[in-house]
Each structure stands twice: as structure tokens, then as C-alpha cells.
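Structure, as C-alpha cells:
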């Protein structure tokens, strides 16, 4: 559903500005994480992890389109709802943005942004993600609509999303919200909450999670964060 809405929104935007400039296109970021491993004091293995490239298309000052291409595992779909196998290269993020005076509206494949850590891109991480995200109990990116409001350091983020981190399977929704305050020195204090619902047929059997796969269920989680 969100894919169709996003496509129609982008088509209407392109026709609106057809007689004007096509805007500006940027390669915003390229992230590569090299890893060198030694085994048995003899074997050496070199690999690249968490690789992605970020693009930005500025159509006008109020309209933008963002893309993020990279390793499929970085999408971070909830493991108990996602049956997708990770691909070497996948669309991790792809969404349109309308910028207003006090905030913005985002629509498409978005970062969910639960808490402080969940909103950080991989290039901003000093350590591995916490087990909540590393084991994919909570999702990092998903299809949905997000409203972001900010005023004098205070901000609010409200997102409605599929929950699966991909295609909608059970016609149930997740809701993620965040309220906080950030100063000029990047001190960030806030509270984040998520509520989600699913049908039993959408569940995937996971050994380390105690979830009754024969019944519909819901997720409720919240917490404070400070950075």
C-alpha cells in the first residue's frame, strides 16, 4: 500500500515540476567497513561489512527523495515477522520528504528510529548494535509514513508502518513514537515507544523468543534515552 502511495506522490511531484529544473542529485555518503580476521595464526580473511551508498535528490527546497543501497542484512527487519533472506545488495531506504516550517513528512521505506541507537546510521556507530537490534527483535527500517515536528530543540516523531520490514502480510500495523529535546551541543534526551500487532500466520518460529505462534499477538516496548 505504501509503495503505491509513494509512487503516485512522486509521479505527481515530477509532473508539477516538469517545466522547471529537475533539481540536484548528490552522492551523500559511501560507507565501507573493512575487516581483517586471523585464524589459527595462519589463515587470513579480508572482507567488507556494512557497505552502503546514500543518494539524495533535491527537487526543490521543500521536496527531497532519499535512497540507500547496501547489504540486505542492514535492513534489520524483525526476525519473528520476516521470512525474507538477506541479499548481497538491496534497497535499504527509499522515501520522499516534504519539508515544512516546523517539521516534515516522510513516506516510503524509512528508518524506524526507535530510541537513540535505532536512529543512528551504521556509519555513526562506535560499537556493535545492542542485542535488541543485533538480534532483530526490533526493526531498523520499514515501509510507512512518518511525521517529524521540531521547535526550539523539542522534537516529536510519529510513524505508522507495516512492522515486517518489507511487504505487508497480515494487514496489521505498528506505531512508533519518540519525544525528546536536543541542544546545540548535541545533548539528546527523550522517550521512545512502540506498539505493534500481528496475526498468527505472519509469525516465523524463533527459538530464543517466547512467542505463541498459534495466536495473534502484540508488541509493546518503551524506554528512555540520553546521549
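The values are calculated or read from the model by the stated rules, or taken from the named source; none is laboratory data. Every value quoted in this text rests on a predicted model; they were computed, and no experiment measured them. As a convention, Cβ positions derive from the backbone with ideal geometry for all residues, glycine included, and neighbour counts pool all protein chains shown.
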Within segment 168-198, work out how many residues are free of Cβ contacts under 8 Å to residues at least 60 places away in the same chain and either in contact with a helix residue (DSSP H, G or I) (Cβ under 9 Å, 6 or more places away or on another chain) or within 12 Å of residue 80 (Cα to Cα) (or both). 2
Residues of segment 182-227 classified as farther than 18 Å from residue 136 by Cβ, surrounded by 13 or more Cβ atoms within 10 Å (Cβ to Cβ) and over 21 Å from the mean Cα position of the chain (by Cα), total: 3
Hits in segment 58-113 - residues which are in a helix (DSSP H, G or I) and crowded, with 17+ Cβ neighbours inside 10 Å: 74, 75
Would it be correct to say that residue 92 is within 10 Å of the chain's Cα centre (by Cα) and closer than 30 Å to residue 218 by Cα? yes
Going residue by residue through segment 51-70, is there one that turns out to be touching a strand residue (DSSP E or B) at 6+ places or on another chain (Cβ under 6 Å), farther than 27 Å from residue 122 by Cβ and at pLDDT 65 or above? yes
Please enumerate the residues belonging to segment 122-149 that are part of a strand (DSSP E or B) and more than 11 Å from residue 76 (Cβ to Cβ). 143, 144, 145, 146, 147, 148, 149
Out of curiosity, is residue 146 surrounded by 15 or more Cβ atoms within 10 Å (Cβ to Cβ) and without any contact (Cβ under 8 Å) to a residue 60 or more places away in the chain? yes
